[in-house]
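Undergrad: My structure is below; once you've seen it, I'll send some questions.
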Amino acid sequence: MKPVRVFSRNAPPAIGPYSQAILLGGLIFVSGQLGLDPESGQLASPQIEPQTRRALENLKAILEEAGSGLESVLKTTIFLTDMANFQVMNGIYAEYFRIHPPARTTVCVKELPKQAIIEVEAIAFTRNGHSLNSSLERSSALMPQIQSLKE
């Protein structure tokens, strides 16, 4: 079994030398998502509500590209630059994780890339609970978006 990079055009590309997500053994490890608009690469807004929604939409897009979804998230980590934003973030987060909220850690950090005020990372499982590596690698439609780590 080898790790597979996941790339969604519906989420902003990584802003450094890392992948949007890695799929291995039925698990999807999604890198931290900022509230960046996928088209412009700019923050959705300086406010917490639009940044939170955009970060969660980016997370959702990457999970869907990997054959999963928000309902399959096991754990999230939320990074906030100001805990005064916790209540607003928490309300929006609850809209996205209504039925089975995952385990979660929320931490306050000094700053985030691009002057973002929130970042969300996640670990999820594939919908079938098993590795999609072989089926993803065989899919000609997904091949431009998914690259083997051995490349």
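The values are calculated or read from the model by the stated rules, or taken from the named source; none is laboratory data. Please read all numbers here as calculations on a predicted model, not as lab measurements. As a convention, Cβ positions derive from the backbone with ideal geometry for all residues, glycine included, and neighbour counts pool all protein chains shown.
Undergrad: Of all residues in segment 32-61 being within 11 Å of the chain's Cα centre (by Cα) and of a type in the set (K, R), which is nearest to I118 (Cα to Cα)? First the steps, then the outcome.
TA: Restricting attention to segment 32-61, the residues satisfying the condition of being within 11 Å of the chain's Cα centre (by Cα) are 32-35, 54-61.
Filter once more, so that each one left must be of a type in the set (K, R): 54, 60.
Values: R54: 10, K60: 16 Å.
Step by step, filter segment 32-61, then rank; the result is R54.
Undergrad: Let me ask you something else. Any chance segment 85-95 includes a residue that's of a type in the set (S, T, Y), touching a strand residue (DSSP E or B) at 6+ places or on another chain (Cβ under 9 Å) and under 22 Å from A14 (Cα atoms)? First the steps, then the outcome.
TA: Filtering segment 85-95 down to residues of a type in the set (S, T, Y) leaves 93.
Now drop any that are not touching a strand residue (DSSP E or B) at 6+ places or on another chain (Cβ under 9 Å), which leaves 93.
Right, trim to under 22 Å from A14 (Cα atoms) and you get none.
So far as segment 85-95 goes, no, none of its residues is of a type in the set (S, T, Y), touching a strand residue (DSSP E or B) at 6+ places or on another chain (Cβ under 9 Å) and under 22 Å from A14 (Cα atoms).
Undergrad: I need the full set of residues from segment 1-18 which are out of contact with any Pro (no Cβ under 9 Å at 6 or more places or on another chain) and closer than 25 Å to L74 by Cβ, in order please.
TA: Within segment 1-18, M1, K2, P3, V4, R5, V6, A14, Y18 meet the criteria.
Undergrad: Which one is surrounded by the fewest Cβ atoms within 10 Å (Cβ to Cβ) among residues in segment 51-98 that are of a type in the set (F, W, Y) and not in a helix (DSSP H, G or I)? Full working, then the answer.
TA: Here is the first cut: in segment 51-98, the residues of a type in the set (F, W, Y) are 79, 86, 93, 96-97.
From what's left, not in a helix (DSSP H, G or I): 79, 97.
On the way: F79: 20, F97: 15.
Restricting to residues being of a type in the set (F, W, Y) and not in a helix (DSSP H, G or I), the top hit is F97.
Undergrad: Sticking with this one: Is it the case, given these coordinates, that S31 is assigned to a loop (DSSP other than H, G, I, E, B) and crowded, with 17+ Cβ neighbours inside 10 Å?
TA: No, not satisfied.
Undergrad: To continue, here is another question. If I filter segment 67-98 down to residues being under 17 Å from L34 (Cα atoms) and without any contact (Cβ under 8 Å) to a residue 24 or more places away in the chain, which single residue comes out as farthest from the chain's Cα centre (by Cα)?
TA: F86
Undergrad: So, one more: When you go through P101, P46 one by one, which is the residue that is touching a residue at least 12 places away in the same chain (Cβ under 8 Å), in a loop (DSSP other than H, G, I, E, B) and surrounded by fewer than 15 Cβ atoms within 10 Å (Cβ to Cβ)?
TA: P46
Undergrad: Next question. As an exercise: evaluate Y96 against (1) more than 20 Å from S31 (Cα to Cα); (2) at pLDDT 95 or above and give the number of the one condition it does not meet.
TA: The failed condition is (1).
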